[in-house]
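Reading through the structure tokens given below for one structure.
The values are calculated or read from the model by the stated rules, or taken from the named source; none is laboratory data. Because the structure is a prediction, the values reported are computed rather than measured. Methodologically, a virtual Cβ is constructed for each residue, glycine included, from the backbone with ideal geometry; neighbour enumeration extends over all protein chains shown. Just so you know, the surface numbers come from the protein's heavy atoms only, side chains and all, with ligands and any DNA or RNA stripped out. Shrake-Rupley method; radii C 1.70, N 1.55, O 1.52, S 1.80 Å.
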Amino acid sequence: MLKSIKRTAAIAVAQTIALGLLPIGALAATFRLEEATIDEVNQAFDAGILTSQQLVQLYLNRIEAYDKQGPSLNSIIAINPNALSEAVALDLERQTMGPRSLLHGIPIVLKDNFNTVDLPTTAGSVLLKDSIPPNDAFVVERFRDAGAIILGKANMSEWAWGSPPSLQGNPLNPYKLNRSPSGSSSGTGVAIAANLGMVGTGSDTGGSVRGPAAVNGLVGIKPTLGLVSRAGIVPLALSFDTGGPMTRTVKDAAITLGFMTGVDPNDPVTFQSEGKFYEDYTQFLNLNALQGARIGVARDFFGGNAEVDAAIESAIATLADLGATVVDDIRVPQAVFDLRGTYPNPGGVWPTINYTEFKVQIAEYLETLGEEYPKTLEEIVALSQSLTNSDTPVSQQTITTLLEPALATGGLSDPAYIDAKENGAPFITSSILNLFDSNNLDAIIYPTSRCPASPFPGVVDPDFVCNPGPSATNLANITGFPDIQVPAGFTSDGLPISISFFGRSFNEPTLLAFSYAFEQTTNFRRPSPLAPALPGETIKSKTVPEPGVPIALATVGIAAFSLKRKKTETLA
């Protein structure tokens, strides 16, 4: 991992060897940063017109221009101060030893509940300000081993509870600044939508990858429970929690997901994925995947907004044109809606499990941190109640609506919790599985969000129209099933609309194939008009070095300075 690179020495070697890598040949090519994909970046690396150091600097420029100034999107909570030096070392490694993987030198934005040993992990709370965890999260280790660069940490709602802002305040929707960027992974959603990083991660307990993906025009994956290790991700409720990628294209999501999977002894639920996960999900991307597929339409989740409904109706027609058999008017049994519940109401399967597990599991996480940080939910509540509005913009709201109900739970031996785990959740899972089986469905589709991005609390926007109704999102968490979001259009005032592809456990290959075929046919994704390309983001033909003696010399230099490299097989 890069944390073990002797950075100062490696940078010195890089600067010295660069003198020996003087341009010899030339190759004409053009790279444009805006909306660039992982493939396009690797092509530019291979062509010699782009380095990882340049790429990181371009993203840092955009963060300064659009996140800290300009529209002040407020999506990045911390920037890795070593990102450029790591990029220099990885450029040198690429020159001398070749890339480790498709993520070699790629800047990644992490939601700020993913542990990083070199950056604070706050879970959006002022109570964890400056907290440096003892270990990287499992998926962060995987990214570093693949040669990725952690560019920074993304803003998020406090403790990942969804609607409240973080210690840094709300991120802003890059398509309309007075509209919410949605759930707890909002910072990642905003950053990737505004092209402030290549790819990002979110975590999802009740829709926190899916909501931000939908309202920010992104591809998001809420994976099957057990496909991605949660070790080192600040927990909300481990019965429901999972990390997932957030990207601008399906292929980038497929690439990123492959680096997040794997059996992890520190997260026993991942043993369920043994023999079922892949390190290369791009092999399943197929333009003809929808031919002969049976796609169910979940009608319970329509009716919120006429423009959203029209976009999804158009998507349904596209799926049929691509060869799918559309099975319309799939209905979730009312008993499922009655039983599942939503927060902040304490009743129901989802809130009961969520509140109860948070009380226990956050304490287990806090025990891994220094003594200066709270160790129990009781301490979190007491400390938060002592804060003033000048200390934090959010904690009082979080306490009232979320933390106090969690504090009131009776622990994992509480009969209500046991009933929800052993009876309620299995009933919901079997009911949803029956929808697939009885209709012989390969996937169920629905509008990810029944309405466009909503105005911030207290903001009146006459353009916003939303009829209340049920949401599908926490059904994927209760069942543990995968759910993939893909852009499906825009409203008349320029807000993204998204469609979800929902499937059975470990059916990511099929859902990715369907998503890819739909995406490539429709191409709805477009960048934020509030964060346009900056000068210098288009790079044209540049001389490139040819292999030779300097490469051998550089290799010796790297060995001498013990530049650690864990080889990861490069995906085709």
Take the chain, mark every one of the GluC sites (Glu not before Pro) that falls in a DSSP loop and has at most 11 other Cβ within 10 Å, then report the longest stretch left between them, sites excluded. 1-273
Round to the nearest 10 and report in Å² the accessible area of Asp321, as given by a 1.4 Å probe over the protein chains' heavy atoms. 130 Å²
Which links in Lys68/Lys375; Lys111/Lys176; Lys176/Lys222; Lys111/Lys251; Lys68/Lys276; Lys153/Lys375 stretch past 31 Å when you go from one Cα to the other? Lys68/Lys375; Lys68/Lys276
For segment 198-239, accessible area per residue (1.4 Å probe, heavy atoms of protein chains only), Å²: 8 Å²
Can you give the translational diffusion coefficient of segment 273-363 in µm²/s, computed by Stokes-Einstein from the Kirkwood radius over Cα pairs at 4 °C and 1.567 mPa s? 76 µm²/s
So how much slack lies between Gln283 and Asp437, counting 0.36 nm per residue of separation and subtracting their Cα-Cα distance, in nm? 52.8 nm
Pair Val263, Val326: separation of 7 Å Cα→Cβ label points (nm): 4.3 nm
Assuming R0 = 22 Å, can you tell me the calculated FRET efficiency for the pair Leu383 and Ile132, based on Cβ-Cβ distance, to the nearest 0.05? 0.70
Ignoring any ligand, DNA or RNA, what whole percent of the accessible area of the chain comes from carbon and sulfur when the probe is 1.4 angstrom? 55 percent
When Lys and Arg each count +1 and Asp and Glu each count -1, what net charge do the other residues less than 11 Å away from Ile221, Cβ to Cβ, add up to? -2
Cα Rg, Dmax (largest Cα-Cα span) when computed across segment 178-265, Å: 12.3, 44
By DSSP, what percent of the beta bridges with both residues in the chain are antiparallel, rounded to the nearest 5? 70 percent
How much area per residue is accessible in segment 63-168 when the probe is 1.4 Å and only protein heavy atoms are counted (Å²)? 22 Å²
Considering only protein heavy atoms, with the full assembly of protein chains and a 1.4 angstrom probe, order Lys421, Lys153 by accessible area, largest first. Lys421, Lys153
If you project the alpha carbons of the chain onto their three principal axes, what span does each projection cover, largest first, in Å? 71, 60, 49
